[in-house]
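Participant: Below: one structure in structure tokens.
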Amino acid sequence: MMILISLCIAIASLAVGGLTIFLAYVNWKILKISMDILKVNYDIYDETVTIRQETIIIRKETIKIKVLSEALLNTTGAVKETLGEIPVAEGT
């Protein structure tokens, strides 16, 4: 009877040990997946920062183009006035 109890305890210990190893493996897999997700999130953040920087550059260039366009329009109007032509109204 004592041998049977000892055998049952040994089998239960092996089962618990096996379960512990299995759970450690599952936790390791979860950690690897979490690290991959973190890397993807970092890459997305990095791309977002790059896109925002490019957007700022585009806005600055657009402002420069607008200023140059307005200067060109004013210069064109002044030349037409000097030559005696009727300036074209804005927006047409």
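The values are calculated or read from the model by the stated rules, or taken from the named source; none is laboratory data. Since this is a predicted model, take the numbers as computed values, not measurements. Note that each Cβ is placed from the backbone with ideal geometry, even for glycine, and that neighbours are counted across all protein chains shown.
Participant: Is there a residue being in a loop (DSSP other than H, G, I, E, B) and out of contact with any helix residue (DSSP H, G or I) (no Cβ under 8 Å at 6 or more places or on another chain) anywhere in segment 67-83?
Facilitator: Yes, segment 67-83 contains a residue that is in a loop (DSSP other than H, G, I, E, B) and out of contact with any helix residue (DSSP H, G or I) (no Cβ under 8 Å at 6 or more places or on another chain).
Participant: I would also like to ask the following. Give me the pairs: first residue in segment 9-25 and exposed (fewer than 10 other Cβ atoms within 10 Å of the Cβ) and in a helix (DSSP H, G or I), second residue of a type in the set (Lys, Arg) and modelled with pLDDT of 90 or more, beta-carbon distance under 9 Å, and six or more apart or on different chains, which are they?
Facilitator: Between residues of segment 9-25 that are exposed (fewer than 10 other Cβ atoms within 10 Å of the Cβ) and in a helix (DSSP H, G or I) and residues that are of a type in the set (Lys, Arg) and modelled with pLDDT of 90 or more, there is no close pair.
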